[in-house]
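Comments concern the structure below.
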Amino acid sequence: MIHSHIADALKVPALVRLSDGVVLVRFESMKIYSALSAVRHLLERGTIRPGQTLVDSSSGIYAYALALACHRYGMRCHIVASTTVDTTTRAQLEILGAVVEQVRPSKSLKLDQELRVRRVKEILADHPDWHWMRQYHDDVHYLGYHEVADLIASTFPATALTLVGGVGSGASTGGIVERLRAADPSVRLVGVQPFGSVTFGSQDHHDPEAIIAGIGSSIVFDNVRHHLYDGLHWLDFTHAMSGTVALLRDHAVFAGLSTGAGYLAATYEARRHPDRLHLVIGADTGHRYVDRVFARHTEALDPAALKPVEVSAPEEMSMPWSTMAWRRAPRPANGKERVA
């Protein structure tokens, strides 16, 4: 197939079998599906117009996806970038035509996100004609993942499936599983979170090592539909790093930190549920984690020796790895106000 734009080629995932019970859904950059579909939909319904400036904040892969979508559809792009956005990604964004502002370095998930949201609001006050994409709150970002779900359904017909992936904004895992459950309500969804994220109640636990970009939040995201999740895993940086290094060492897959965390969680889930096929969402490649993760590979732990603490409520969790059955419960009452 010949594509009219590189974004159409980059968005399609590769399916890689890691074991009998685990398959990796490996994306070059997962959120290209979301950004392309969202921009196209907003143009079609007249919410935005050709040439308008689209603005949002991002920890990396959404910024790249939005820049590609703007390049394809003739839009202008302004990104307020997390401290986790590396030089390689920033250079690509700028060459694609995006204006990039990067917040000051921070190892606090809460401070990093609050700085970005604050800056977006300042920009919109100065430029009321710009459109805020609101990847964390506008459910238009669910639409693109229906295509991923259709690919999964056609590849694994009549198969008991469990989807395992970073929660983040909620749109990727939520969009895929909602579509899959329309045909098969038994499809399970297991979310992966870092400690320190408010989304499922781990905000009182601080991981001093690093931010696991893109899978947690210090603010409430409207796009997270808590009732879709059957189970949760919370992992610290060292465990996520160990899963990421193991994925490269054992399977030659060079992927990002959230993929390594998902791989560790899926391996555990597959041992407990050998009757199901576990699909791990591999959101991006490992390039932006070379210094922080792969260069430290000698520090990685042996995944075979790791296991989580099983808890019955978020208040019982403990670092470095906890898991609990969520059972499709609604959003917890955590007392946190939404910032954006």
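Some values worked out for this structure:
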item: Single condition HIS206 does not satisfy, out of (1) without any contact (Cβ under 8 Å) to a residue 40 or more places away in the chain; (2) surrounded by fewer than 21 Cβ atoms within 10 Å (Cβ to Cβ); (3) in a helix (DSSP H, G or I); result: (3)
item: The stretch 1-28, residues that are under 30 Å from ARG271 (Cβ atoms) and among the hydroxyl-bearing types (Ser, Thr, Tyr); result: SER19
item: Count - residues of the stretch 180-194 that are part of a loop (DSSP other than H, G, I, E, B) and buried (at least 24 other Cβ atoms within 10 Å of the Cβ); result: 1
item: Boolean, ARG49 is among the charged types (D, E, K, R), more than 28 Å from VAL177 (Cβ to Cβ) and outside any strand (DSSP E or B); result: yes
item: Meets criteria (over 16 Å from the mean Cα position of the chain (by Cα), buried (at least 21 other Cβ atoms within 10 Å of the Cβ) and not assigned by TED's automatic domain parsing to the domain that holds ASP86) for SER242; result: yes
item: Enumeration of residues in the stretch 300-333 that are part of a strand (DSSP E or B) and loosely packed, with under 14 Cβ neighbours inside 10 Å; result: GLU310
item: Checking VAL290 against (1) under 21 Å from the mean Cα position of the chain (by Cα); (2) touching a residue at least 12 places away in the same chain (Cβ under 8 Å), the condition it does not meet; result: (2)
item: Helices (runs of 4 or more DSSP H) fully within the stretch 57-172 counting 1 or more residues that are touching a residue at least 60 places away in the same chain (Cβ under 8 Å), in contact with a Lys or Arg (Cβ under 8 Å, 6 or more places away or on another chain) and not assigned by TED's automatic domain parsing to the domain that holds TYR289; result: 61-73, 87-95
item: The stretch 235-288, residues that are part of a helix (DSSP H, G or I), of a type in the set (Asp, Glu) and touching a Ser or Thr at 6+ places or on another chain (Cβ under 8 Å); result: GLU269
item: Conditions (1) of a type in the set (A, V, I, L, M, F, W, C); (2) crowded, with 16+ Cβ neighbours inside 10 Å; (3) not assigned by TED's automatic domain parsing to the domain that holds THR87; number of the one not met by LEU36; result: (3)
item: Filter pass, ASP284 being over 20 Å from SER197 (Cα atoms), at pLDDT below 95, touching a helix residue (DSSP H, G or I) at 6+ places or on another chain (Cβ under 8 Å) and among the acidic types (Asp, Glu); result: yes
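The values are calculated or read from the model by the stated rules, or taken from the named source; none is laboratory data. Bear in mind the structure is a predicted one, so any value in this text is a computation, not a measurement. Reconstructed Cβ throughout: ideal geometry from the backbone, glycine too, with neighbour counts over all protein chains shown.
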